[in-house]
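Report on the following structure.
The values are calculated or read from the model by the stated rules, or taken from the named source; none is laboratory data. Note that the structure is a prediction, hence the values are computed from the model and not measured. Using ideal geometry, Cβ is built from the backbone for each residue, glycine included, and neighbour counts are taken over all protein chains shown. The accessibility values were calculated without ligands, DNA or RNA, using every heavy atom of the protein model including side chains. Shrake-Rupley method; radii C 1.70, N 1.55, O 1.52, S 1.80 Å.
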Amino acid sequence: MPTNKTTSKPFVRVMVIGAGFSGLAMGCQIKKQLKCDDLVIYDRMPRAGGTWWSNKYPGCGVDIPAVFYSLSFAPNPHFSKVFPKQDEILDYINQVAAEHGVFRHIVCHVQWEEARWNEDTSTWQVRLRDLSTDVCFEQECKILISAVGGLSVPKLVNIKDADVFEGEIVHTAQWNHDVCLRDRDFVVIGNGSSASQLIPSIVDETKTITQFMRTPQHYMPSANIVISLFLRKALQYIPSLLWLLRTSRSPNTIIERRVFDNDGYIPCLRRENVHLTADPIVAIQPRSVLTRSGKAYPADTIILATGFTTAQFDVKLFGRNGLSRDVHWNEIGGMSAFKTVAMANFPNFFYILGPHSGRGHTSTIFAAESFVNLVIRAIKDVINGRAKSVEVRHSSERSFHERIVNALDRTVYTGRCGSVRLQPTPTARVTTQDH
């Protein structure tokens with residue numbers, strides 16, 4: 001049962017929520033560019049790594065070439081394949097955190113629950129919960145940064161009579177390694193990247209796999225080529241070669257969302273024990289799923305490869321004069337943030353991968369670093385003591401939101417997802433330090 005007991009922790013200059021790639025990049029640059037060591041990074045998972053710690057399903061890996069899937073200030077010549085798997089990505093994250101002195105700033109198993117702006121002190125009062133003890137605590141900070149990525153809260157599905165199912169229902173982001181694969185009937189719901197990696201990895205052991213899709217995907221022929229030891233050594237000892245590869249293809253290139261078939265998913269669909277259908281599930285039975293057409297498919301285990309929700313924006317956040325984020329977004333006309341990183345009436349608060357930052361193409365790492373550098377420029381004077389707060393103008397935020405919404409109408413994306421072209425500097429209001 002939750003406890004009402006609340007403790008407090010000492011003031012910290014910068015608080016970052018999220019210890020995945022975004023939080024790691026933010027922490028590294030706060031230390032490197034701003035020479036600030038008064039920093040804490042909280043994450044609700046037991047270990048750092050974000051989505052690369054949470055997702056451990058068979059076949060889990062990145063669908064962006066390795067040369068683009070590393071931080072610019074920490075290039076990695078050691079990936080063994082063009083499209084690295086989860087264990088290599090997580091090892092890389094841990095290596096960067098260790099080499100840049102960020103590990104000692106990370107506190108895991110802590111859930112961010114609420115934050116309120118205090119006008120009198122120009123600080124944020126943040127309430128968090130230690131998930132290992134279920135004790136709440138409060139901590140004051142000058143700068144609050146949400147680096148909670150979009151691939152952090154699994155999207156579950158609500159299917160009629162799911163409680164009668166006698167087998168196990170598991171989301172790919174909550175994989176249970178005790179799941180028995182051999183000679184079992186599997187139902188996989190979803191046909192995105194996770195499903196296309198999972199199915200080829202388990203197909204040889206399972207009895208049957210029935211995959212349910214809602215929307216067809218555009219698959220790109222591909223192969224996960226092993227990077228030779230010679231090439232890895234060349235990339236390690238000739239850094240300019242890795243740099244040339246990173247810049248040989250602009251990460252700004254925009255194409256429609258596609259799924260790389262790195263693991264042989266399309267050939268799997270020709271296997272006798274694999275069946276793909278768009279027939280919607282209407283109910284779950286003890287050992288099968290029932291579809292709209294009336295057909296029942298056998299199921300010992302149901303795997304939800306259904307992606308993630310936007311629940312990272314559900315935390316209670318209150319800005320100037322107690323203004324809630326929900327009320328602010330209702331007034332703006334939807335979830336929004338100037339340049340995806342800042343909101344009017346929420347001083348000293350910033351997002352990494354905030355609203356409108358979703359990318360259906362190329363490397364999210366490139367995008368996250370761009371936002372990190374934008375935030376670094378915005379908070380520099382606050383960290384150095386030359387300003388009490390920094391805040392985007394309401395007119396700038398509204399204008400940006402309107403431009404994004406209008407632009408999305410001319411793209412393949414909907415209002416729920418889009419891409420943003422960053423400008424050199426934000427339009428902001430800075431409050432000078434009192435002397």
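May I ask you to rank 335, 213 by accessible area, largest first, using a 1.4 Å probe over the protein chains only? Could the numbers behind the result be given before it?
On the way: 335 85, 213 50 Å².
If we order 335, 213 from most to least accessible, we get 335, 213.
Would the range 176-231 count as rounded, prolate or oblate if I go by the C-alpha gyration tensor, calling it rounded below 1.5 in a/c and otherwise prolate when a/b exceeds b/c, oblate otherwise?
Working: a/c = 2.78, a/b = 1.35, b/c = 2.06.
In terms of gyration-tensor shape, oblate.
Carbon and sulfur: what percent of the range 256-404's accessible surface (1.4 Å probe)? It would help to have the intermediate numbers written out before the result.
Details: 2870 of 5830 Å².
C and S fraction of accessible area: 49 percent.
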If one takes the longest principal axis of the Cα atoms in the chain, at what angle in degrees, from 0 to 90 and to the nearest 10, does the Cα axis of helix 86-99 lie?
-> 20
Measuring with a 1.4 Å probe in the full set of protein chains, what accessible area per residue, in whole Å², belongs to the chain?
-> 47
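With charges only on Cβ, +1 for K and R and -1 for D and E, what is the dipole size of the chain about its Cα centre, in debye, rounded to 20? It would help to have the intermediate numbers written out before the result.
Values: 49 positive and 41 negative charges, 247 e Å.
In total the dipole reaches around 1180 debye.
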Let me know the shape class of the range 148-293, please: from the alpha-carbon gyration tensor, a ≥ b ≥ c as square roots of the eigenvalues, rounded when a/c is under 1.5, otherwise prolate if a/b is greater than b/c, or oblate.
-> prolate
Per-residue accessible area for residue 87 at 1.4 Å probe radius, Å² rounded to 10?
-> 90
With the dipole of the chain defined by +1 on each Lys or Arg Cβ and -1 on each Asp or Glu Cβ, the option from 36, 49, 20 whose Cα lies farthest towards the positive pole is 36
Accessible area of residue 175, 1.4 Å probe, to the nearest 10 Å²?
-> 30
How many percent of the accessible area of the range 122-176 is carbon or sulfur, using a 1.4 Å probe?
-> 46
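Give me the one-decimal Kirkwood hydrodynamic radius in Å for the range 285-402, with the sum taken over alpha-carbon pairs.
17.3 Å is the Kirkwood radius here.
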Could you tell me which of rounded, prolate or oblate describes the chain, using a ≥ b ≥ c as the square roots of the eigenvalues of the alpha-carbon gyration tensor, with rounded for a/c under 1.5 and, failing that, prolate when a/b is larger than b/c and oblate otherwise?
-> prolate
